[in-house]
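The next block holds one structure in the form of structure tokens; read it before the comments.
The values are calculated or read from the model by the stated rules, or taken from the named source; none is laboratory data. Because the structure is a prediction, the values reported are computed rather than measured. Cβ sites come from the backbone with ideal geometry, for glycine too, and all protein chains shown count toward neighbours.
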Ligand code: SF4
């Protein structure tokens, strides 16, 4: 897989202390995307599913993991490997939340075994392309056109409670690639960040 980052504990993209996984590679190029650095796949981010399982296993063996959030990039662009990974994640926690730019209905109609495996395994899908004009900073969703699709009814009450009781927050992680800002960013975040970097003279 091409995976840009694995972070723990992610507390702002779903209930509890989660492992966040960001895939690399996305064909959409949405205006205002907060992760444009994840559009292109990079050789340095290549990792086998087994290596990924080992990394996650080492976190799970020493920390409490309440669930997983998979974002990107476009996770469905690596559906075969993602299906295999999710099969393993389910042995740790079935609270698996996946962001995708595709609509649930469009994925369902693809008749792909890998996509079917993913849809039948994840608890929550947040679907639809990011549209900057519809970014109103609502919980878990980058823009209002996106849907929160609860695919595992066991998590319905938990997520409904989560959505009613939290507000968006940003978490910053220090990584080998620099500081990574995690969460639902407000409209114009990418532009403002780029302006700050340019003003600082670091590029
Ligand atoms: S689908 Fe997501 S990662 Fe891809 S360009 Fe749009 S907002 Fe960015």
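Tabulated values for the structure
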{"item": "1 or more residues under 21 Å from residue 29 (Cβ atoms) and at pLDDT below 95: qualifying strands (runs of 3 or more DSSP E) within region 95-203", "result": "178-182"}
{"item": "Neighbours by Cβ (under 9 Å, 6+ apart or cross-chain): first from region 36-49, more than 18 Å from residue 81 (Cα to Cα); second more than 10 Å from the ligand (Cβ to nearest atom)", "result": "37/4; 37/177"}
{"item": "Tally, over region 31-57, of residues that are in a loop (DSSP other than H, G, I, E, B) and touching a helix residue (DSSP H, G or I) at 6+ places or on another chain (Cβ under 7 Å)", "result": "4"}
{"item": "Complete set of residues in region 112-130 that are within 12 Å of residue 69 (Cβ to Cβ) and in contact with a helix residue (DSSP H, G or I) (Cβ under 8 Å, 6 or more places away or on another chain)", "result": "122, 123, 124, 125"}
{"item": "Pick from region 63-82, criterion away from the ligand (no atom under 14 Å from the Cβ) and over 22 Å from residue 15 (Cα atoms), ranking: farthest from the chain's Cα centre (by Cα)", "result": "80"}
{"item": "Where a residue in region 9-26 is within 12 Å of residue 183 (Cβ to Cβ) and modelled with pLDDT of 95 or more and its partner, wherever it lies, is within 16 Å of the ligand (Cβ to nearest atom) and part of a loop (DSSP other than H, G, I, E, B), with Cβ under 6 Å and at least six apart", "result": "12/183"}
{"item": "Selection from region 87-118 of residues that are closer than 24 Å to residue 33 by Cβ and buried (at least 16 other Cβ atoms within 10 Å of the Cβ)", "result": "96, 97, 98, 99, 100, 101, 102, 103, 104, 107, 115, 118"}
